Amino acid sequence: MESFDDIYLDLSKQPGKCRLAESGLGWKPSGGQTFTLDKSEMITAQWSRAARGYELKVIARNQGVIQLDGFRQDDFDTVQKCFKVWYAVELVHKEHALRGWNWGKTEMGRNELTFNVRNQPAFEIPYTEISNTNLAGKNEVAVEFSLPADGEETGTNGHLGGARSKGRKMGGAVDQLTEMRFYIPGTETRKGRKKDQEDGADEEDEGEEEDANAANVFYETLMDKAEIGEVAGDTFATFLDILHLTPRGRFDIDLYEKSFRLRGKTYDYKISYDNAKRFFVLPKPDDVHSLLCIGLDPPLRQGQTRYPFIVMQFKRDEEVNIELNMTDDALQTKYAGKLQPRYEAPIGTVIARIFHGLTGKKLFQPSPLFVSHHQQSGVKCSIKANEGHLYCLDRAFLFVPKPATYISFENVAVITMSRVGGAVSASRTFDITVALRNGAGEHQFSNINREEQNPLEEFFKAKGLKTKNEMDEDSRMMAAALSADPDLAR
């Protein structure tokens, strides 16, 4: 047995002891669980200079890329001998490109994407760390990396950082790379599908070759290699061409066991159910549409833009008839009472119910205590120049679609109702300013119809929210001014 101290596994925060034995290798941190890798799992091994000294990188059959960093230069001969004699695996010494060039050639291996500069790797990205990829332009591909939901959610031991946390390795670091973009110009020749060979050997022609956009080829290959979307297994249900107000566009929705996927013409998103924190079913005040809002943490990212909410819009009278792609056994054991084998109802209701069944999370609806002047659940208003609707829920306010704003009643210090400006429209509309506790800022909802004042005031009172009505003060001052001048009073 050979033992090495101060070795870091998969970018872990804390070091551990690495041991090589005839049966395989192991890594044990102080106060954590042991990681082991059987010798039958090992395919290839690589030795290279890394952040904390020298890194031993092992490609395993089932566990993908395993990185062990912190070896000394003198350890190479010992490690190489162990791998050759015990594991029958050659330890390859690989030099990284240190030129600092940002152009090179990508190579997609079995477990990772390698960026080579002059046939030397500049960096490697394990596919497990890639959460999504999008065509950001005609020749540009954006690659997004997995983010931990919070600082602790980085593996079996939070204090260890990224150790044993495939897909969240980098979460243990102070700073984390979240997105990388590749500019890939030109076209690439690729073979089409082969013809059916049932008619004999004459049809053995190679598939027709076609020129395709190089960025598209890279994108499709990476989607396939990183198993984005497909990793979730078979789709339980698919809904085509669903209108989304945030992010704007039409997306196909694929629902899997542990995640769902939005497929658009330009962008694809894969979202874990763990990241979907809240679901809201909201009737739109036009009596025609309904909204399904999904609160995400961490938010969905599209370049520099973050979307903390997904907002879908459906027609209330658009019915759908769908049968879930799920075995009777799974329905009865895993989702007993949560999902039905078949749904026939308005499409928005069906999608919401399936989400509820798969995630087990509650579907929030507007509070029955609030009914607007027009017998609706939402009130039309604006945040700055963006028009939308404010919904009063049992424990929070929600403004949709853009910018989607969620305000919990627990965080509300005071609500001020005021009339802005001296124009004629000021008498028809008013504003609400929601000040948050502990000086955390405020939210202003403007251009609310004056008829909604009483229903809103009654709701605030029912919920015990502190309110301040500046409009009544203005009205009293106006009445006092009128009564002081007999001519005006008439």
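Side notes on the structure shown:
- Per-region count, region 239-277, residues closer than 18 Å to C293 by Cα and assigned to a strand (DSSP E or B): 26
- Of all the criteria given as (1) assigned by TED's automatic domain parsing to the domain that holds L243; (2) within 29 Å of the chain's Cα centre (by Cα); (3) part of a helix (DSSP H, G or I), the one not satisfied by L339 is (3).
- Residues within region 372-407 that are assigned to a strand (DSSP E or B) and either free of Cβ contacts under 8 Å to residues at least 24 places away in the same chain or of a type outside the set (V, I, T) (or both), tallied: 17
- Comparison of I310, I322, I351 shows that the only residue that is surrounded by 15 or more Cβ atoms within 10 Å (Cβ to Cβ) and part of a helix (DSSP H, G or I) is I351.
- Counting only strands (runs of 3 or more DSSP E) that sit completely within region 26-79, those holding 1 or more residues that are in contact with a His (Cβ under 6 Å, 6 or more places away or on another chain) correspond to 42-50.
- Cross-chain or 6+ apart pairs with Cβ under 7 Å, region 342-355 first and in the same structural domain as Q313 (by TED's automatic domain parsing), then hydroxyl-bearing (S, T, Y): G348/S290; V350/Y343; R353/Y343
- Of all residues in region 120-140, none satisfies being part of a loop (DSSP other than H, G, I, E, B) and over 31 Å from the mean Cα position of the chain (by Cα).
- Among the residues listed as G360, G303, the single one being modelled with pLDDT under 85 and at positive phi: G303
- With respect to the conditions (1) at pLDDT below 90; (2) in contact with a helix residue (DSSP H, G or I) (Cβ under 8 Å, 6 or more places away or on another chain); (3) not assigned by TED's automatic domain parsing to the domain that holds L240; (4) not polar (S, T, N, Q), A385 lacks only one, and its number is (2).
- Residue that is modelled with the highest pLDDT, among those in region 237-278 that are in contact with a Ser or Thr (Cβ under 9 Å, 6 or more places away or on another chain) and of a type in the set (S, T, N, Q): N275
The values are calculated or read from the model by the stated rules, or taken from the named source; none is laboratory data. If you're wondering where the values come from, they're calculated on a predicted model, not measured in any experiment. Positions of Cβ are generated from backbone atoms using ideal geometry, with glycine treated the same way; all protein chains shown enter the neighbour counts.
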